[in-house]
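Quick notes on the structure that follows.
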Amino acid sequence: MGDRDAFARLYRLTSPNLFGLALRILGRRSLAEEALQDAFVNIWRHAADFRPERAAPQTWLAAIVRNRALDLLRASPPEDPPAEDPEIETWASADLGPLEKAMAGDEAKALLECMKRLQAKQRQAIALAYYHGLAHGDLARHLAEPIGTVKTWIRRGIEQLKRCLEA
Amino acid sequence: MNYQDQTLREILAGEYVLGTRRGAARRRFERLMKKDPGLRERVEFWEGRFNLLAEAVSPVTPPERVWTVVEDRTAGARRGDGGIWNALSFWRGLALTASGLAVALMVYVGLRPAPEAPPAGVAVLADEARQAAWTVTLVVDDSQAKRLKVTALPSVAPKPDRSFELWLLPESGAAPVSLGLLPEAGSAVLAVPGKAVPALSRTSALAVSLEPRGGSPTGAPTGPVLYQGRLLAL
């Protein structure tokens, strides 16, 4: 399999999920297309940086796409706050069952189990930061809570996740 | 801030990956990370964890024009003066992983409606020229029994009076353990023999040797090793 073929195949396989991610973060199709394009150009150029012993291919790819999407989000912030997102509602609810099918790999499952143990507010804040690129200030506005409260949710959430993931 | 405090380092690394700090605070952390490999390592940990959340996103197929532009933009990059392309082995690693991903997705799609346990690992067995010959999927059921679903690709050329035998190469360096004979066409399910179960992990190395028909008469590989691969954990 030549490099070009491998690259085309990788694109076919992974682009729907990664485009879904970029759309989620950016909320605008044209920007999400731009993020996906830039990300795959980076993947092609930086393929040599991929270290199979340090990262799984899926998370490596997702990180590249998300980082590019976050750059574009900061360069052109949306005029409106993120629309109601049913998937964030799920993260904020007590029942994470609907997420189990999509997060079926061992590592994803372990993360989901640990997310289940967080308070719903902590989970919601982490999901909003990850999927919508909201910073502390945006989170406070979006959730109508004091910024100190939101920072504490994130901080405690990370601490608890770390203990749970490494248990 | 005391950047040596372990809890604080963990939180800052996690927040950096989530992207909840902007501007000066973010840039300060990036400078810090450049000279602190331990911090960089914690960032990699959180990148590997939080980016698993991407799996929960509903997929949306991008319009074809995205790929057209990607192809155009990367066509030029390829004619560059070497540089990154000197590390071709890494690129090959990615290519191989891509075939692993392909199998992973095929297996996911294929297994979804069945009540079977999800695959725990996948491998592509390829020859020295990286021509893939078999795909292997490891399934571990509730009782911890392990099975391998093996599928021959069209490139497998049967050899008269010979069989292809699959071996587990234990991480410990112990002698190869037979996992059974591979089909020359189509698929087969191999129940992993009891003595191979403890050594077979989701990332085990596998090899295929050419043996007399019916398999090695000695219990150890007797013929040349023609194909190899390593399971990729799912």
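The values are calculated or read from the model by the stated rules, or taken from the named source; none is laboratory data. Keep in mind it's a predicted model, so treat the numbers as computed, not measured. Neighbour counts are summed over all protein chains in view; Cβ atoms, including those assigned to glycine, are modelled from backbone coordinates with ideal geometry. Ligands, DNA and RNA are excluded from the accessible area calculation, which covers all protein heavy atoms including side chains. Shrake-Rupley method; radii C 1.70, N 1.55, O 1.52, S 1.80 Å.
Using the structure shown, decide if A:Ala92 is in contact (Cβ under 8 Å) with a residue 24 or more places away in the chain and in contact with a Ser or Thr (Cβ under 7 Å, 6 or more places away or on another chain). So A:Ala92 fails the test.
The set of residues in the range B:214-234 that are closer than 30 Å to A:Thr59 by Cα and among the hydrophobic types (A, V, I, L, M, F, W, C) comprises B:Leu231, B:Leu232, B:Ala233, B:Leu234. When the range A:57-97 is limited to residues that are of a type in the set (Asp, Glu) and more than 9 Å from chain B (Cβ to nearest Cβ), the one that is most open to solvent (accessible area, probe 1.4 Å) turns out to be A:Glu79. The residues listed here are B:Ala188, B:Ala196, B:Ala152; of these, the one that is at pLDDT below 85 and under 30 Å from A:Lys101 (Cα atoms) is B:Ala188. Of the residues making up the range B:191-226, those that are open to solvent by 20 Å² or more (accessible area, probe 1.4 Å) and of a type in the set (A, V, I, L, M) are B:Ala191, B:Val197, B:Ala199, B:Leu210, B:Ala220, B:Val225, B:Leu226. For the range B:148-190, the tally of residues that are β-branched (Val, Ile, Thr), open to solvent by less than 60 Å² (accessible area, probe 1.4 Å) and out of contact with any Pro (no Cβ under 7 Å at 6 or more places or on another chain) stands at 2. Listed by first and then second residue, the pairs with beta-carbon distance under 8 Å, at least 6 apart or on different chains, first residue in the range A:98-125 and within 11 Å of another protein chain (Cβ to nearest Cβ), second surrounded by 14 or more Cβ atoms within 10 Å (Cβ to Cβ) and β-branched (Val, Ile, Thr), are A:Pro98/A:Thr90; A:Leu99/A:Thr90; A:Ala102/B:Val57; A:Met115/A:Ile126; A:Ala125/A:Val150; A:Ala125/A:Ile154.
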